[in-house]
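Notes for the one structure printed next.
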Amino acid sequence: MNEHLKPQSVSQQADELEEHMMHELERVYVKSTISYLADGEYKKMDTSASAWAKNPKAIFNMGPDPRLPQMPAKPTLLDYFRLRFAQHAHLLQSATHALKAGHNEKIITACLLHDIGVVSFIRCDHGYWGAQMIEPYVDEEVSWAVRSHQALRFFADESVGYRYPDMYIKLFGDDYKPEPYIVAEYERARRHKWYMTSRLICVNDIYSFDPNMKVNLDDFVDIIGRNFRQPEEGLGLDNSPSAHMWRTMMWPNRFL
Ligand SMILES: [Fe+2]
Ligand SMILES: [Fe+2]
C-alpha cells in the first residue's frame, strides 16, 4: 500500500496539525511605547494591525519571552537579581561598605536596594520607582530612604563628609541644577526622622563603582531573608500594590 494512503493514527494527525499550525502562526514580540520614546521615537507604537499587515496569522506573546532567561514558577528577589537585573555589583558594593561601617540591617538593605530601579527598570526618577517596587516588602524606613536618595544625593552634608559628587559634574556638566521638585523633596527629607538612613545611602554610594572590589550576592542572602518579605506566591505573582511592576520585568513583552 502506498505510504500516503495509509490511514493515520491520532498521534500522527496531531503531529501534522501542530506542524501546520507552526508554519501558519507567528508569535510576535512587541515593544512598549516607553522603549520607543527612550530611543527618541515619537508617536511610534507596535500594533496588532501593523503585525497582521506582515502576517495575518500573527499571534501576540502573552507570557515569557523565550529570548530571556526563564524565571522560576515562584520567583524570589534573588531570582530577579540573577535573571533580570542588568548588573548588581554597584548595589553589593554599597551594601558591603554599609556592612563594614557597622550600620544596622535597615541601612544595609537600603544600600543593597537603592538603585534597584536603575538596574531593572528605568533611570528617570529611579529612586521613586525603586521605592515603589520594594515598598510592600520592606520596612517603611527602607523604602523611604530609597525614595529620598533620589534628592539627597544632589546636596552636601558636611556632618557625614558628603560633598556634591565630582562625578556628577562629569556626568551632568557643571551647570546642572536640580529641578524644583528635587529641591522640595530634599527640603522635606532633611527634616525627616529617617533622614540619616537615606543620607547613608549617598555616603556608601559614591565609593561603590570599583571594578576590582570582590562582591558576592550570596553574602547578602541572609540579610535579604530577614529584611525582604518574600511573598509565598512568588514576587510579582502576589497581589501587592507593586506586583505588576515585578511581573512587567518578568514578562516585558506581553502584548497586554
Ligand atoms: Fe541612585
Ligand atoms: Fe547608586
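Quick notes on this one:
- What the Kirkwood sum gives for the chain is a hydrodynamic radius of 21.2 Å, with every pair of different alpha carbons counted.
- Here's how it looks for Y162: its modeled amide H is under 5 Å from those of D157, which are all 5 or more places away or on a different chain.
- Taking every alpha-carbon pair in segment 78-219 and binning the separations at 5 Å intervals from zero gives 2, 10, 19, 25, 23, 13, 6, 1, 0 percent.
- Number of Lys pairs (Cα under 29 Å; 8 or more positions apart or on different chains) in the chain: 17
- Cα-centre dipole for the chain with unit charges at Cβ (Lys and Arg positive, Asp and Glu negative), debye to 20: 480 debye
- Karplus-based coupling profile of segment 145-156, in residue order and whole Hz: 5, 5, 4, 6, 5, 3, 8, 4, 4, 8, 10, 6, with θ = phi - 60° in 6.51 cos²θ - 1.76 cosθ + 1.60 and x standing for Gly or Pro.
- Using a Förster distance of 35 Å, the FRET efficiency for F255-K170 (Cβ separation, nearest 0.05): 0.30
- Cα-based helix-to-principal-axis angle, 195-205 vs the chain, degrees rounded to 10: 70 degrees
- Hydrodynamic radius by Kirkwood, which averages 1/r over all alpha carbon pairs of segment 151-204, in angstrom: 11.7 Å
- At q = 0.21 Å⁻¹ the log10 of I(q)/I(0) for segment 61-109 amounts to -0.80, computed by Debye summation with a single uniform scatterer per C-alpha, solvent ignored.
- Rounded to the nearest 500, the 222 nm mean residue ellipticity of the chain from helices alone is -14000 deg cm²/dmol, with -39,500 (n - 2.57) taken per DSSP H run of at least 4 residues.
- Compared with the dominant principal axis of the Cα atoms in the chain, helix 10-24 is inclined by about 60°.
- For segment 169-256, the Rg and Dmax computed from alpha carbons only, in angstrom: 18.5, 48
- Other-chain or far-sequence residues with amide H under 5 Å of A58's (modelled H): E26
- Where labels lie 7 Å past Cα in the beta-carbon direction, separation of K54 and V10 in nm: 3.9 nm
- The fraction of all Cα pairs in segment 74-159 landing in successive 10 Å bins from 0 to the largest distance is 18, 50, 29, 3, 0, given as whole percents.
Throughout, read-outs are computed from the coordinates displayed, never taken from laboratory work. Everything numeric in this text was worked out from a predicted model, so none of it was measured. Note that we place each Cβ from the backbone using ideal geometry, even for glycine, and neighbour counts take in every protein chain shown.
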